[in-house]
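So the structure is just underneath, and the comments pick up after that.
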Amino acid sequence: MISQFYILSLRGDTIITRDFRGDVVKGTAEIFFRKVKFWHGDAPPIFNLEGVTYVFIKKNGLYFVATTCHNISPAAVVELLTKMSKVFKDFCGVLNEESIRKNFVLVYELLDEMVDYGYPQTTNTEHLKSCIHNEAVVIEAPKTGLNLPQWNPRTVPSNAVHRPVGPMQNDSKSKKNEIFVDILERISVLMSSNGFVINSAIDGSIQMKSYLMGNPELKLALNEDIMVKNMDLGGSHGGYGSVILDDCNFHECVDLQDFSDLRTLSFYPPDGEFAVMNYRITGDFRVPFRIFPFAELQAPYKIEVTIKVRADIPEQNYGGNVQISCMLPKTSASVSTELAVSGQSAEYLASEHRLVWNIKKFQGGTEAAIKCRVTLSAPVSNIANIKKEVGPVSLTYEIPMYNVSNLQVRYLRIAERHKSYNPCRWVRYVTQSSSYVCRF
Amino acid sequence: MVAMRQKQNDGKFFQTTKRGEIQELKEELHANDKQKQKDAVKKVIANMTVGKDVSALFADVVNCIQTDNVELKKLVYLYVMNYAKAQPELAILAINTFRKDAKDANPLIRSLAVRTMGCIRLDQVTEYLLEPLRRCCQDHDPYVRKTSAICIPKVYDINPELVEDQGFVEILKDLLGDGNPMVVANAVAGLAEISQTCGRDLLDLDKGNIPKLLAALNECNEWGQVFILDALATYDPSGPSDAESISERVTARLSHANPAVVLTAIKVILRCMEHTENPEVLRMLAKKLNPPLVTLLSSEPEVQYVALRNIRLIVQKRPGILASDVKMFFCKYNDPIYVKLEKVDIMCMLVSDKNFDQVLLELKEYASGVDVEFVRKSVRSIGRVAVKLERACERAMNVLLELIETKVNYVVQESCVVVKDIFRKYPSRYEQVLSALCESMEVLDEPEAKASMIWILGEYAGRIDNSDELLESFLDSFHDEPLMVQMQLLTAIVKLFLQKPSSTQDMVSKVLQCATEESTNHDLRDRGYIYWRLLATNPEATKRVVLGDKPSLRDDSQSVDKNLLEKLSSELSLMSSVYHKYAEEFVTRLAVTPSGADEKAQDDDLDEEDRQASRREVQEELERGPDAGRNGSGGLDLLDLGMGDDSPPRTSGAAPAVQKVAVLPPTQAGQHGNTGFAVSAAFVRQRGSPTLMMTFSNSSSGPLGGFAIQVNKNPFGFAPTQQIACPEIMSGSSAEVAVVMTPGQLMSNTPPTNPLLLQVAIKTSLDIFYFHVQFDLSAVLVESGALTRDDFTPIWQRVGEAGQKVAMISMARPMDAEAVKAQLAADNVHYVAQRQVDDGSVLLYTSSQTPNNCTVLSEVAVSPGSSSLKVSIRTETQVLMPLYEAMLSRRFG
């Protein structure tokens, strides 16, 4: 059970504060902020100061903090904070300092329903809707480009739908009957300089945001040949090219009765954003980008670094906002770059000794290369010595309408007989980089 | 009530002139238009949240509570909850509405009323809550019942007796069988909390109610699942089949999306695994635990951190589960530092002959990164791998060589420390690294690295040609070096001398002189003298001592102590499993109710009127009742020191118990040379009898039993009154033993030593162990040692000035005569009379007696504001004087 909860801005202002149990001293918000602000490096999410345990997460430029003086489950507290932030987002439409400030009464009402005496009660937006009476003050959503915010990699806003749920939406005439489904995959790859993949993993998630009227039952069908290790599934056995998941988990609303035979998930979608299923794949898959770095010693004071990147994705797809960055030696004095094609840009950040190369749109099946001449302030005799200081090369990107694992939504069916009930279904595939690194 | 309200209005006149806003809000609150009223309440709450004091509007806001509008009602409740503490008498005004609302037709309002009343920590409110709460526990609506279930621990926290007397614990137990899973979950959480506070297991899990919980587990939401799983983890299965059926039911939880559910389920399954021996079942369960653990690593970094801390324990407890997954713990470049550091530790735990190549390659990559802390950790880890696996050592050494060649300052320093550890583990190997190290010696500026380098130079003095020159370069700045380096330098030069005596005579005498004559540090001086004497008496023997074989190094830096591991694996997924500490070490308030100090702190930031303050005092007095009793039972101890102070210091946890001292280390052998038994002990007076309090710990491989105690003859003739009654102690656990001693039995007829010692022999099934316990005179002095004035004077005069000793006792802080008296009484130094002296100080006369009727009298002069006491001691038994003085110094120091 948590004792206190508060939301702080990045400047340390208390926006929301609630004491659930009164067994922790006052003024912990300041203590917390000072500690985190002056922590050497990133503060761990859980720490203890004078008998008070602080647990926090950072979301959309806000600190969500809980304190306790009991031996409780920290994973539950972290998860509770995460879920709270999601509920606030669901009800307020967007999650930022302004929306929380403007909707503070609503936030307090939500808090009292979500947590009683420090014990989490429910964080289900659907259930909460039935006992919440305040209406949200709608805040204009900030514009987001294709490049999604860095701080919130797990829950990508579904198609920039920043509409609050809640009572007023029910009688609103403008309500659209629609549902958004995202198949989001985050790729971690570690490659060696010869293109050999040392380590690779996909963290996948099927995210959904439902604005459906009447809350009908949904059936989501996946590839028929999906296999899960350590799970005995019937149906057609996966042969070559089938999708094999190392592990997966499901939202609590999901009924798995038909999963074994038909690979179908049935559920009544709760309101708001939620992850229907999370899955994990390790091992061999076709990595979307291959990186080939070279370094060459041309003179004792000069090296040339060449990086070639190949997009190993279908031609109709493209990588958006691709950024390739490479560490250069600390002794680099001047750096000049040479790009073959237009539409790309490269710059050298001298303070970080880092080369940054941006490609707005990287078409599938094509290759891009950069040549980079580095003048050093100290001579090197051997390329092996200087190679240690070059790299790693890391990549960030987003590939719309493509997923690496080949996990597909065969159909999303609404178990409603009425013909006139025909909501919009938006299904989107997105592949993102998580940790995408190539070593020299 | 009416009078009170009038007073409130009186106070208003002053405020309104200053605060026009408050007056405005007040008018709006009384508006007829409901919307306007609602907006006004919202404004009030807005003011409240930004910290403005709007408590003056309490009556006006409460006035709005009588409405059918749920939204408005909720707002008023929010306000009331916040200010009820500051305005208790006004909160009573709202009570009738609360009671009415608890009967409302709308279940939301019923539960709102119960929930809010429970949050108002006022006895008056609590009394009125009991009846509605009892009714709501039987409500037909589950939402009301679940709210009522969680309300019971709230009331228990305010008034535990009331809850027990009124049978609410029984009601809560009945709710365990409720048809609604959320109600069951909250009842479980409530019972668990009350159990923890009162120290009795009220959940009382057995085969009868386990199925009920398992059934509710499948149906309730994620948070309820966490409560229930946490409770299940405290249940000891009755046998293998019970354990297997529970783990089977719980396995389904492993694929839940909530990491807390997954971790808690893992805890339950690990617990069940303790109770089954079937290898097939164990293998199957271990296989099922692997994927969810790995999946936790792809969640948010915060969850990853919790998971990794837990995985460290799991890997140590059941290494098989993750043995083949070391790759999963390779760091990603965008992991936060706290995740990376944990991952590297786990990599070292999972390293094996099969994967060390990969692991070392990874660590090498990390070691060439940019984050200094992480780089250092990686270099250290390379050393750990080498120390752990002999086969990996060659490869690790190569990696280290490459790293040293980079000449990056902190990498070289860290490598130096690591190389030293490897040399200690594998002496006389990999000497090719020596020259590389010597070359980069000038970059060393950190004490640990320097000390390591010096150790290496000393150890390999014979193989490094210019070792004498290198060591001599350190010698010039001997006095500027930190102690760690000085110690190593001393040892290294002695080693060098023993290997190359001819050329290093001057150096060794210089270093010995530096250490013994010029240094002010005791340790260094002692070590210097030892070497000096050794060298002076027998150089050959010195060689054997200094250059002899050293015990081998073992890496257990990251593993958790065995006892702790056992405890933590039953507390997996809890805070303690993240801190890797016993819960008692950081949980500050398990059983103590937070009345006094907490409320006081809050009061400070409210400008209250006098009448409230005085009311509050009465309130606190009532609340403090049971607490005062609790402190009293612990004896007049340090807690009383704070009584005269304005702000009593908040001591964490209970009053400090008897401080035991380690008297027998586990490494000390017994009569037959066996080790593995440790004792810490204290000899004190408890409930009027001298008692030997001991903690026996068994660190041997088998169980220990057959305990018996004997003590040697001693000046006061203490002998055990009864034999030890201590059951068998299992390997790795410990037990508390108290033995009451009777004086006057085993008289040694020798004068008491200073300090007083009791020689004890403990017989165990392992061996007979001897040790001695040091104790205070206070353990000896008897309760019945108080003399009357008439008895006191003749002795006082008989001893006279000649037999008097005057001692100055310094105190931690000034105390008045009463406090001093209380302190003395705690040591059985009895108060006889007192006298006021002109300069304001007080003279206290005391008497005390030993069991063999030796009397010690004293005159204690307490001067106001002074932090020392002047004590004149008079006794016919002179040997007791230093003991008496030592006792007082300890008491007041």
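The condition (being open to solvent by less than 70 Å² (accessible area, probe 1.4 Å) and out of contact with any helix residue (DSSP H, G or I) (no Cβ under 7 Å at 6 or more places or on another chain)) is satisfied by just one residue among B:Leu490, B:Leu565, B:Leu574: B:Leu574.
Being open to solvent by less than 30 Å² (accessible area, probe 1.4 Å) and in a strand (DSSP E or B) is the filter here, so list the residues in segment B:809-829 that pass it. B:Ile809 - this is the single residue of segment B:809-829 that is open to solvent by less than 30 Å² (accessible area, probe 1.4 Å) and in a strand (DSSP E or B). Just a yes or no: is a residue in segment A:384-396 away from chain B (no Cβ under 14 Å) and of a type in the set (Val, Ile, Thr)? Checked segment A:384-396: no residue is away from chain B (no Cβ under 14 Å) and of a type in the set (Val, Ile, Thr). Put simply, of B:Asn409, B:Asn398 the only residue that is within 14 Å of another protein chain (Cβ to nearest Cβ), at pLDDT 85 or above and out of contact with any Pro (no Cβ under 7 Å at 6 or more places or on another chain) is B:Asn409. Across segment B:493-503, the number of residues qualifying as buried (at least 22 other Cβ atoms within 10 Å of the Cβ) and without any contact (Cβ under 8 Å) to a residue 40 or more places away in the chain comes to 3. Taking the listed residues B:Thr855, B:Thr850, the one that is touching a strand residue (DSSP E or B) at 6+ places or on another chain (Cβ under 6 Å) and outside the structural domain of B:Asn714 (by TED's automatic domain parsing) is B:Thr855, with no other qualifying. Screening the candidates B:Val351, B:Val306 for the property of being facing chain A (nearest Cβ under 8 Å), touching a residue at least 40 places away in the same chain (Cβ under 8 Å) and out of contact with any Asp or Glu (no Cβ under 9 Å at 6 or more places or on another chain) yields one hit, B:Val306.
Let's see how each residue does on (1) over 21 Å from B:Asp101 (Cα atoms); (2) surrounded by fewer than 21 Cβ atoms within 10 Å (Cβ to Cβ):
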position	(1), (2)
B:Asp33	yes, yes
B:Ala40	yes, no
B:Cys64	no, no
B:Thr67	no, yes
B:Leu75	no, no
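Can you list the helices (runs of 4 or more DSSP H) found entirely within segment B:81-184 that contain at least 1 residues being more than 19 Å from B:Ser195 (Cα to Cα) and more than 12 Å from chain A (Cβ to nearest Cβ)? Here the list reads B:88-101, B:107-119, B:123-137, B:142-158. When the residues of segment A:265-302 are filtered to those that are of a type in the set (Ser, Thr, Tyr) and under 20 Å from the mean Cα position of the chain (by Cα), the one that is surrounded by the fewest Cβ atoms within 10 Å (Cβ to Cβ) is A:Thr282. Can you find a residue that is without any contact (Cβ under 8 Å) to a residue 60 or more places away in the chain and within 37 Å of the chain's Cα centre (by Cα) anywhere in segment B:104-114? Yes. Please enumerate the residues belonging to segment B:830-847 that are open to solvent by less than 70 Å² (accessible area, probe 1.4 Å) and part of a strand (DSSP E or B). Passing the criteria: B:His830, B:Val832, B:Ala833, B:Val842, B:Leu843, B:Leu844, B:Tyr845, B:Thr846, B:Ser847. Across segment B:327-337, the qualifying residues are those that are open to solvent by 30 Å² or more (accessible area, probe 1.4 Å) and at the interface with chain A (Cβ under 7 Å from one of its Cβ atoms), and the one among them that is farthest from A:Ile46 (Cα to Cα) is B:Lys327. Does A:Asn48 meet the test of being of a type in the set (S, T, N, Q), away from chain B (no Cβ under 12 Å) and open to solvent by 30 Å² or more (accessible area, probe 1.4 Å)? It is false that A:Asn48 is of a type in the set (S, T, N, Q), away from chain B (no Cβ under 12 Å) and open to solvent by 30 Å² or more (accessible area, probe 1.4 Å).
Filter segment B:530-575 down to the residues that are more than 30 Å from B:Val306 (Cα to Cα) and part of a loop (DSSP other than H, G, I, E, B), then identify the one that is farthest from the other protein chains (Cβ to nearest Cβ). The residue in question is B:Asn538. Figure legend. Inter-residue proximity from segment B:354-376: first residues among the aliphatic types (A, V, I, L, M), second residues open to solvent by 60 Å² or more (accessible area, probe 1.4 Å), beta-carbon distance below 8 Å, spacing 6+ or different chains. Indicated pairs: B:Leu360/B:Arg395; B:Val375/B:Ser368. When you look at B:Leu202, is it away from every other protein chain (no Cβ under 13 Å) and either small (Gly, Ala, Ser) or under 15 Å from B:Ala187 (Cβ atoms) (or both), yes or no? So B:Leu202 fits the description; yes.
Within segment A:91-105, residues that are over 16 Å from B:Leu75 (Cα atoms) reach partners that are hydroxyl-bearing (Ser, Thr, Tyr) with beta carbons closer than 7 Å, at six or more positions or on different chains, in the pairs A:Cys92/A:Ser99; A:Gly93/A:Ser99; A:Leu95/A:Ser85; A:Glu97/A:Ser9. When you check B:Gly717 against the structure, is it at pLDDT below 85 and either open to solvent by less than 70 Å² (accessible area, probe 1.4 Å) or not in a loop (DSSP other than H, G, I, E, B) (or both), yes or no? The answer is no for B:Gly717.
Mind listing just one residue for me: the one in segment A:74-121 that is buried (at least 21 other Cβ atoms within 10 Å of the Cβ) and among the polar types (S, T, N, Q) and, of those, farthest from the other protein chains (Cβ to nearest Cβ)? Ranking the candidates gives A:Ser99 first. Has segment B:196-206 got any residue that is among the small types (Gly, Ala, Ser) and either under 32 Å from the mean Cα position of the chain (by Cα) or buried (at least 18 other Cβ atoms within 10 Å of the Cβ) (or both)? For segment B:196-206, residues among the small types (Gly, Ala, Ser) and either under 32 Å from the mean Cα position of the chain (by Cα) or buried (at least 18 other Cβ atoms within 10 Å of the Cβ) (or both): present. Picking from B:Ser368, B:Ser324, which residue would you name as being out of contact with any strand residue (DSSP E or B) (no Cβ under 8 Å at 6 or more places or on another chain), more than 9 Å from chain A (Cβ to nearest Cβ) and open to solvent by 10 Å² or more (accessible area, probe 1.4 Å)? After ruling out the rest, the residue left standing is B:Ser324.
Segment A:194-309 holds strands (runs of 3 or more DSSP E) entirely within its bounds, and those carrying 2 or more residues that are within 13 Å of chain B (Cβ to nearest Cβ) and closer than 18 Å to A:Val181 by Cβ map to A:197-211, A:247-250, A:264-267, A:272-282. The condition of being open to solvent by 30 Å² or more (accessible area, probe 1.4 Å) and of a type outside the set (Val, Ile, Thr) holds for only one of B:Glu342, B:Glu362, B:Glu300, that being B:Glu300. State which residue is farthest from the other protein chains (Cβ to nearest Cβ) when the search covers only segment A:413-425 and only residues that are surrounded by fewer than 16 Cβ atoms within 10 Å (Cβ to Cβ) and under 18 Å from A:Ile206 (Cα atoms). Top of the filtered list is A:Cys424. When restricted to residues that are buried (at least 22 other Cβ atoms within 10 Å of the Cβ) and more than 10 Å from chain B (Cβ to nearest Cβ), segment A:122-135 contains 2.
A:Glu338: in contact with a strand residue (DSSP E or B) (Cβ under 7 Å, 6 or more places away or on another chain) and touching a residue at least 12 places away in the same chain (Cβ under 8 Å), yes or no? In short, yes. All told, B:Asn209 falls short of being within 11 Å of chain A (Cβ to nearest Cβ) and at pLDDT below 90.
The values are calculated or read from the model by the stated rules, or taken from the named source; none is laboratory data. Because the structure is predicted, anything quoted here is derived from the model rather than measured. For neighbour counting, all protein chains shown are included, and Cβ atoms are generated from backbone atoms with ideal geometry for every residue, glycine included. All accessible areas refer to the heavy atoms of the entire protein, side chains included, with ligands and DNA or RNA removed. Shrake-Rupley method; radii C 1.70, N 1.55, O 1.52, S 1.80 Å.
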